[in-house]
Amino acid sequence: MNVQVNKLPKSLVELTVELSAEDMKPYLDQAVKEISVQTEVPGFRPGKAPYGILVKKVGEMRIYQLAAEKAVQLTYPQAVTDNKLVIIGQPEIIPEKIAPGNPFIYKAKAALLPKVKLGDYKKIKPKRREIKVEEKDVQETLKNLQKMFGKEKRVRRPVSLGDKVEADLDTYVDNVPIDGGSNKNHPINVGEGHIIPGFEDNLIGMTEGQSKEFKLKFPKEYHKKELAGKPVEFKVKVNGIFELEVPNLDDDFARSAGRFGKLDDLKKQIEKNVLQEKTIKEKQRRELEIVDQLVKKSSFDEIPDILIDSELHKMLHELESQVTGQGMKFDDYLASIKKSIKDLEKEFRPQAERRVKTAIALREIANLEKIEVPDSEITAQVAEDKERYKNNPEVLKQISTDNYKDYINSILRTRKVFALLEKNND
């Protein structure tokens, strides 16, 4: 087998592989045997027809084409390994010459993993922030728990802060209704600020059955860019006002909320939970800062489109999972933000490229530091995931694949890289 390697722009490579007639002989034998088994030849048992009779039956080119397919399946990976290439994705195979009695020549075009010149990752110093639980954190959690265990009671009085209001809502810009801006019996928690600033202030003092019109401005950073900073007209009719009756913060509440003996026990548990949550968030923040500095300090070969496109696909899938997880159809979500898949791809592309660079840099550190994940750790993680999703057959099917093991290996290896970077920079 003769292999020529030609490096192309954008981290692409083209391999020209030539197999002599002698090299092709085992693949031809395999092809003949397979076709012979599949083809009925009078007078011969399946798989026993001589080559000459089989050629007359199916044509010599069919045999050579199948032999060429089998040759590519085995010789391409060997060519990649022999030339110490790190390939990503599937190659584009282009047969150049395939004819009986002649060498078989094909070209394989593929994307290389881009090379990276790392900055001094051992000197990255992310800022460390103090993690502490304040009294306001505990009180905020207690208030949320009170709301969870509270009961709504319809009241016949003007709207006040903290009420839930059910209202008909119509929204206009320049007297033109906004798409999706008309809602019947829309629930509004007064004081939580889920609509634009100033909206809920206009509800305070209104009574059941009362209608009101008022004007505000969308914030300049509003998520719908076509509405950002524009004046908006609201027409609101209050259909119902509900007061939330919350339980008293005492030992009885602690027992009903979490089977704690006393309110102090509940507060201590909340402190532990908040501390754990803040610790996780601080760890994530530090990792992001390490990644930012690492990418800035490093230089990369040109990133091939196949990598960026693959990461874009992952990001869109993540977004779709978040949206559908909240009970909304993805198409409806796209309509609500007036964007297409193409719009999101364009918007996400810089972030996708950054994520690709991050993965390449972390992989290079893992290689330099000889970081590997023992099989026992991968097996343990897979077993844990199987237990977590034991009631979801579809997920269990995915967990049982080799691809999932490779995914777990990548995740655990990355964690070990971050642990090393954290240790180096303490």
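The values are calculated or read from the model by the stated rules, or taken from the named source; none is laboratory data. If you're wondering where the values come from, they're calculated on a predicted model, not measured in any experiment. As a convention, Cβ positions derive from the backbone with ideal geometry for all residues, glycine included, and neighbour counts pool all protein chains shown.
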If you take the residues in the range 276-295 that are hydrophobic (A, V, I, L, M, F, W, C) and surrounded by 14 or more Cβ atoms within 10 Å (Cβ to Cβ), which one is nearest to Gln90 (Cα to Cα)? Val295
Taking the condition of being without any contact (Cβ under 8 Å) to a residue 12 or more places away in the chain and outside any helix (DSSP H, G or I), how many residues in the range 371-399 meet it? 5
Just give me the residues in the range 222-248 being within 30 Å of Lys147 (Cα to Cα) and either charged (D, E, K, R) or assigned to a loop (DSSP other than H, G, I, E, B) (or both), in sequence order. Tyr222, His223, Lys235, Lys237, Glu243, Glu245, Val246, Pro247, Asn248
How many residues of the range 153-185 are at pLDDT 90 or above, surrounded by fewer than 16 Cβ atoms within 10 Å (Cβ to Cβ), farther than 14 Å from Asn239 by Cβ and of a type outside the set (Gly, Ala, Ser)? The answer is 4
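So if I check each of Gly209, Gly193, which one is of a type in the set (Gly, Ala, Ser), modelled with pLDDT of 90 or more, part of a loop (DSSP other than H, G, I, E, B) and more than 30 Å from Arg355 (Cα to Cα)? If you could, list the steps in order and put the result at the bottom.
Values: Gly193 fails: modelled with pLDDT of 90 or more.
Exactly one of Gly209, Gly193 is of a type in the set (Gly, Ala, Ser), modelled with pLDDT of 90 or more, part of a loop (DSSP other than H, G, I, E, B) and more than 30 Å from Arg355 (Cα to Cα), namely Gly209.
Count, please, the residues in the range 142-194 that happen to be in contact with a helix residue (DSSP H, G or I) (Cβ under 9 Å, 6 or more places away or on another chain) and within 21 Å of Gly209 (Cβ to Cβ).
Of the range 142-194, the ones in contact with a helix residue (DSSP H, G or I) (Cβ under 9 Å, 6 or more places away or on another chain) are 142, 145-146, 148-149, 159, 161, 163, 165, 167, 179-180, 188-194.
Filter once more, so that each one left must be within 21 Å of Gly209 (Cβ to Cβ): 159, 161, 163, 165, 167, 188-190.
Residues flagged as in contact with a helix residue (DSSP H, G or I) (Cβ under 9 Å, 6 or more places away or on another chain) and within 21 Å of Gly209 (Cβ to Cβ) within the range 142-194 amount to 8.
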If the requirement is being more than 25 Å from Pro9 (Cα to Cα), surrounded by 14 or more Cβ atoms within 10 Å (Cβ to Cβ) and of a type in the set (S, T, N, Q), which of these qualifies: Ser336, Ser298, Ser340, Ser310? Ser336
Given the residues Asp264, Asp292, Asp252, which is the only one that is in a helix (DSSP H, G or I) and touching an Asp or Glu at 6+ places or on another chain (Cβ under 9 Å)? Asp264
List, please: which pairs have Cβ atoms under 6 Å, are six or more places apart or on different chains, and start with a residue in the range 177-188 that is under 20 Å from Glu226 (Cα atoms) and end with one that is surrounded by 14 or more Cβ atoms within 10 Å (Cβ to Cβ) and among the hydroxyl-bearing types (Ser, Thr, Tyr)? Ile178/Thr171; Gly180/Ser336; Gly181/Thr171
If I ask for residues that are under 27 Å from the mean Cα position of the chain (by Cα) and in a strand (DSSP E or B), which ones from the range 83-128 would you list? Ile87, Ile88, Gly89, Gln90, Pro91, Glu92, Ala110, Ala111, Leu112, Val116, Lys117
Could you look through the range 345-365, keep only residues that are crowded, with 17+ Cβ neighbours inside 10 Å and of a type in the set (A, V, I, L, M), and pick out the one that is farthest from the chain's Cα centre (by Cα)? Ile365
Would it be correct to say that Lys370 is charged (D, E, K, R), exposed (fewer than 13 other Cβ atoms within 10 Å of the Cβ) and at negative phi? no
Residue identified as exposed (fewer than 14 other Cβ atoms within 10 Å of the Cβ), modelled with pLDDT under 80 and among the charged types (D, E, K, R) among Lys48, Lys7, Lys25, Lys97: Lys48
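Yes/no matrix, rows are residues, columns are (1) of a type in the set (Val, Ile, Thr); (2) touching a Leu at 6+ places or on another chain (Cβ under 9 Å); (3) in the same structural domain as Val295 (by TED's automatic domain parsing):
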{"position": "Asp120", "(1), (2), (3)": "no, no, no"}
{"position": "Lys125", "(1), (2), (3)": "no, no, no"}
{"position": "Glu140", "(1), (2), (3)": "no, no, no"}
{"position": "Leu169", "(1), (2), (3)": "no, no, no"}
{"position": "Pro177", "(1), (2), (3)": "no, no, no"}
{"position": "Pro187", "(1), (2), (3)": "no, no, no"}
{"position": "Asn202", "(1), (2), (3)": "no, yes, no"}
{"position": "Thr207", "(1), (2), (3)": "yes, no, no"}
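Listed here are the residues, each with its yes/no results for (1) among the aromatic types (Phe, Trp, Tyr); (2) under 27 Å from Val291 (Cβ atoms); (3) without any contact (Cβ under 8 Å) to a residue 12 or more places away in the chain.
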{"residue": "Ala79", "(1), (2), (3)": "no, no, no"}
{"residue": "Glu96", "(1), (2), (3)": "no, no, no"}
{"residue": "Leu112", "(1), (2), (3)": "no, yes, no"}
{"residue": "Ile124", "(1), (2), (3)": "no, yes, no"}
{"residue": "Ile131", "(1), (2), (3)": "no, yes, no"}
{"residue": "Glu140", "(1), (2), (3)": "no, no, yes"}
{"residue": "Lys151", "(1), (2), (3)": "no, no, no"}
{"residue": "Glu166", "(1), (2), (3)": "no, no, no"}
